[in-house]
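None of the figures in this text is laboratory data; all of them are computed from the coordinates on show. As the structure is a computational prediction, the values presented were derived from the model and not from experiment. Cβ placement follows ideal geometry from the backbone for every residue including glycine, while neighbour counts extend to all protein chains displayed.
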Amino acid sequence: MSRLKPLWIGLTDLRKIARERRTISLIIILPVIVVLVVGTTFSLGYQEFESRELAIGVVQHRNSSYAEVLVEAIVNQSAQAVVYADVEEARIDLIREKIDSIIEVDPWIDEKIAEFKRSWIAIHTDETRPILTAAIEVTMVQAKQQVVDDMVGEYVLQIQEALVPALNRIVVTLDDMVSGGTLGTEVEEILDVLGAIADLDDEDVLSMSATVDEGIRDIYENGTPQERAIISLIDRSAIVGSLRSLADVKSVLDSIYHFLSYVEPHLQDIDELPGELAGDLTYFTGNISSISPGQAVIIQAALPILRDRIADALAEENPSWSVAQVAERTTSLIQGTQSLMGTIAERGSDIANLTENLDEAREYLDSISLTGLISEARQALGYLGSMEENFITSPIYLVGRPLYFGEETKRYVDYISPGIFAFGILFSVLVYTVLSVVRDREKGILRRLFTCNVNRWSYVGSKCITCMAISAIQIVILTACAILLFGIYIADVPKTLILGLYSSVGFVGLGLLISSVTRTELEAVTASFGMVFIMLMISGVFYPFELSPSIIRQASAYIPITYVTNLLKAGIIKDAAAGEMLVDVVMIGIYGGVTLLAGALAFQWRKKG
Amino acid sequence: MGDGSATDVAIEVRELVVNFHGVEALRGIDLRVCRGEIFGIVGTNGAGKSTLIDALSGMVRPTSGSIKVLGRDPIRRSGELRKLTGVVPQEVSLEEKLTGLENLLYFGRLLDVPGDELKGRAEETIRFMGLWERRNDRLESYSVGMKRKIHFACSLIHRPELLLIDEATAGFDPVIREDVSGLIIDMARKEGITVVLTTHDLSDARDMCDRLAVLHRGEVVSTGRWDDISSAAGAGLYLGGINPGMEGKLRDLVSPGSLARVPGGYRVSLDSLQEALELAQLLDRNGLSASTISYGIQPEDVFRELTTERKGDSVV
């Protein structure tokens, strides 16, 4: 029976609460009202504020094309752009809150981008308005994305609109030729297309990947925390890799072009091409290697003597040639041959090396598979072709992916929803614990419980039970409000409930400690509200934590609501696995355990004095 | 009842000292309460009555000295002792949002009353208190007297051997006071419960208690039956409504040191009723007319007598 005392006390507390409208309104309804107000403010008001009411000053020291693009981008974000020529003038307006932020454009932005692919844009914000700053950064990142698109999109559009279809056409043609043996009629067209590709500057294609890579690195190193967070979502290697593949494909196709140009006069059947070439080389090198330096000198000397016989042979072989043509070709042949023989006579030792090199070339030609080359080209082009259009035109994906949500949900109210839950739990548990203990002590209920053989551990246990029950009701109401009224994204409702109940125990000990140092209900309420307010301010529940000063961020590590918010964030937004929540679960457990122990030991049954 | 043998002793306190933050709330208390008696602890506000009850119930740890309640140390064997003891705190400490019967069931369950007996006992107790008709009404709708009865009942539900009552009748009107006094006497006589109660009202103590201890500034200044204590304090003649301007004349007519100023008049210590009659006649002859004249022992006087010197009150 005595083991069930916490349960009996807890159930009786709940019965009392159910019969006491004032307590219900204070503990359960008030946080819900707060949630409704906060939710409405941030889900409706903030959205309007974000989209229509931002006034952003743009300082242009000189008129530049990029600054114009930037202004246009800001306007496209539905914000109001106010153009200034002088930064000081803009800063005065920012101080007077005539504008919400200033964007200062590098005076030499056009020149720097053209030459160095690097420039700067400064954002001036009012640090006393952190939420506004967050909204401005979002707007600016979106605007900056448009600028970046303008810088790099031009190159990539060329790839998509001109090069990729051309390359595809080549590959298809080559494939048809290999499989259908129609080389003779197609080869001229192939060479035209390949020639056009070869005319493209290799450096342009290569520098594209380097430019994109450099841009991403720059944001990693110099971007705002929000930009860095967003850029971390980009698959950088995929973008850069795609552009590098393009460079690789081009070099392969250029090789094919030069190769075809060389062999085109002799091609009859593409499948026979490598073997035919190899045979010619074998024949050539075999003949060359059979001529000794001595023979070469003799041949060199004999050629003028044999001139008439050579001319007769050429005339006989080419009956259509005129006498003059025969004479010209005879001279040419004798001179060429004499030159070759002269080389053999002078550099006899190199002949062997030449032969060896030619043998290697023959082996290489033997190994060439045009079918394989086409397959590789197809694969590379398939990779390029499979890239989505917006992915290619916007390789640096700066915004559009909020930190925790999918594409659809990126409202500020979604960001703060775990904080609202944490606030509800903190408020109800802390206020209820402190108020009920102090009131019971003032009314002598604790004294009577003591005489009824209830020990402090049973009483602490009963408070945990009651608080968990209150939190359960609270979370159900909050979840219903969040989903039905504001459409807030909640990944897993049962998990949210479990985490919320666990979190509630983390605040009971703190409530007991406060109740031990307060004597009256007025003191208790004042202390509870003060504690709730301080913790909300330090933990950054209602605004992006990253915007807090470092001292506040350090202080937040020592208060439980930080971990409760993180835990609920993991459960509500991220749908995190158990391992990802371990730190927060452990910290809440340690905090809850220590404060419960301290609260139980400091617990007073009687009024002081 | 009386001093009692060792086996009849319900409470034995020896040299009890309790300090709070350097202040001695109880200073060397010696007490012995017998089983079955109603024992009153009388004293002014701040005399240490509630602290003594707290020490007896184990809520306050003695600084020095020893306490045995029903043969047990209230601190070391508190769990065992609380099942045998009922404590009625000074304030009505009940759950206002629960009904009278629910309060009894709640505290009965906490006092480890067996589940199969709990409902029967609660109903029997509330019937004993005369509140059967109101048993299902929430306590917040009860009168002060009714709440007080439930307050008592919640301390009786587990049928204790000893009942410790702190300020049993404080703040009640005469009707409720009479009800509560009757209830305490009924419980002690019918149920055989030992009762220790504190009060600052000597009239209540005289009417209810078998024996008394007068507590002043943390010390017991007198112990015994009412008759013994009042005899020790002595009787006197009370003169009400005498003009203060006549005090000099009055002083000339009575023995030095026997005249004391009391609220509303003067008191003259005398040894017999005969002396009182003679003095009354003397005063009349000397033109000292009092609006009220009475002779006897008033509880307030007993108390005053026992604490005057210590309080430093002036003697005329």
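Before moving on, here are some points about what is shown:
- Angstrom value of the Kirkwood radius, inverse mean 1/r, which spans all Cα pairs in segment B:92-162: 11.7 Å
- Helix B:144-156 and the longest principal axis of the Cα set of chain B meet at an angle near 60°.
- Relative counts (whole %) of C-alpha pair distances in segment B:106-201, using bins that are 5 Å wide: 3, 12, 23, 25, 22, 11, 3, 1, 0
- Each listed q (0.11, 0.13, 0.24 Å⁻¹) maps to a log10 I(q)/I(0) for segment B:11-108, found by the Debye formula over equal Cα scatterers with no solvent: -0.39, -0.53, -1.32.
- Modelled label positions at B:Gln274 and A:Ile473, each set 7 Å beyond Cα in the direction of Cβ, lie 7.8 nm from each other.
- Projecting label points 7 angstrom from Cα along Cα→Cβ for B:Leu84 and A:Ile498 puts them 4.9 nm apart.
- Label-point separation, A:Ile298 to B:Lys68 (7 Å along Cα→Cβ), nm: 14.7 nm
- Note on segment B:178-265: Kirkwood radius taken over Cα pairs, Stokes-Einstein applied at 37 °C and 0.692 mPa s, translational D equal to 203 µm² s⁻¹.
- Ascending count of other beta-carbon atoms within 10 Å, so fewest first, for A:Trp120, B:Trp132: A:Trp120, B:Trp132
- Taken over segment B:69-118, the percentage of Cα pairs per 5 Å bin, counting from 0 up to the bin with the maximum distance, is 4, 17, 21, 22, 18, 12, 4, 1.
- Compared with the direct C-alpha span, the chain from A:Ser65 to A:Ala327 gains 87.6 nm at full extension, assuming 0.36 nm per residue.
- Two-site FRET efficiency, B:Met246 against A:Lys607, from Cβ-Cβ distance with R₀ of 41 Å, rounded to 0.05: 0.30
- Using the Cβ-Cβ distance between A:Glu88 and A:Val37 with R0 set to 35 Å, the FRET efficiency from 1/(1 + (r/R0)^6) comes to roughly 0.35.
- Within-14-Å neighbourhood charge of B:Arg285 [Cβ basis; K, R +1; D, E -1]: -2
- Under 9 Å, Cβ to Cβ, from B:Asp54 - net charge with Lys/Arg +1 and Asp/Glu -1: +1
- Length-normalised contact order for chain B - Cα pairs under 8 Å, 6+ apart - percent: 20 percent
- Filter on B:Lys68/B:Lys119; B:Lys49/B:Lys97; A:Lys16/B:Lys149; A:Lys16/B:Lys49; A:Lys443/B:Lys149 - keep pairs with C-alpha separation over 24 Å: B:Lys68/B:Lys119; B:Lys49/B:Lys97; A:Lys16/B:Lys49
- This ranking places B:Ile126, B:Ile165 by how few other beta-carbon atoms lie within 10 Å of each, fewest first, which gives B:Ile126, B:Ile165.
- Counting only DSSP H runs of at least 4 residues, each contributing -39500 (n - 2.57), and dividing by the residue count of chain B, the helix-based mean residue ellipticity at 222 nm comes to -11000 deg cm²/dmol.
- With R₀ fixed at 35 Å, the C-beta to C-beta distance from B:Arg138 to A:Val594 puts the FRET efficiency at about 0.35.
- Kirkwood Rh in Å, taken over segment A:441-568 so that all alpha-carbon pairs contribute: 16.9 Å
- For chain B, diffusion coefficient by Stokes-Einstein and Kirkwood Rh (Cα), 20 °C, 1.002 mPa s, µm²/s: 99 µm²/s
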